[in-house]
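What follows is a single structure, written as structure tokens, with notes after it.
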Amino acid sequence: MVMPPSGDVCCVCHERFRLPCQANCSHWFCGNCILRVWNSGFVLQPCKCPLCRRAITLLIPASTINEDHDREAYQVLQSIENYNRQFGRNPSLIQRFQDVPFFIRRLLREFMDPQRALPFVFRARTALSVSSSMIKWMVLLSIGYVASPFDILSERIYGFVGFLDDFLVLVMVFIHLANMYRGLLLNRHGGA
Ligand SMILES: [Zn+2]
Ligand SMILES: [Zn+2]
């Protein structure tokens, strides 16, 4: 289960998390606290994280919050859905890039969580797109090799470039995965 670190407190109210929500910068807040921070500023713009100042373009409530639980939980979940609908759809390219490590880490935790299985369709799509994007990049890079003058350069440079392209393939796959997972979370907590 993806939950705030135990023993940690909300940086807004300095109490234990109440209806915890995680932002796309990886920081946790009480649902009401982060909504209050947003409402105290310019509401037409995404809230800035009080800890790292990055724009919050997605708020993900902890899976323990159940909207049937009580009225407060229901209201927080509704407000978060509205927030995500308003700001979650079009983060800038830079924001998406910054968020990649967060979504990959979170995706891994969800994959390994036996209690909260990711939808089967998503698992299948992930496997398919990882393999297809890896193949696509490998083909592109090998064409690049054949066409490039690198073969006349020394082994050492060639080795470095070889390492670089593996790295590039991995980075592309991670960016792709992070974007897919982001879409899934947005669907879950704000509607497409
Ligand atoms: Zn709080
Ligand atoms: Zn933050």
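Each reported figure results from applying straightforward, stated rules to the coordinates on display, with no laboratory input. None of these values were measured; they are calculated from a predicted model. Neighbour counts run over all protein chains shown; Cβ positions are idealised from the backbone, glycine included.
Our estimate of slack between Leu168 and Ala124, defined as 0.36 nm per intervening residue step minus the Cα-Cα distance, is 13.5 nm. Counting 0.36 nm for each residue step from Gln45 to Arg89 and taking away their Cα separation leaves a gain of 14.5 nm. Which one, Ser40, Cys30, Phe17, is farthest towards the positive end of the dipole of segment 1-54 when Lys and Arg carry +1 and Asp and Glu -1 on their Cβ? So the residue we want is Ser40. Label-to-label distance for Arg18 and Lys136 is 4.7 nm, based on points extended 7 Å past Cα in the beta-carbon direction. For the peptides 28-36, 57-65, the ranking by mean Cβ contacts within 10 Å, running from highest to lowest, is 28-36, 57-65.
Charged neighbours of Gly41, selected by a Cβ distance under 13 Å, balance to +3 (K, R count +1; D, E count -1).
Taking Cα centre as origin and charging only the Cβ of basic (Lys, Arg, +1) and acidic (Asp, Glu, -1) residues, the dipole magnitude of segment 1-90 rounds to 440 debye. Here the peptides 43-49, 11-17, 84-90 are ranked by packing, the mean other Cβ count within 10 Å, and the order with the highest first is 84-90, 43-49, 11-17.
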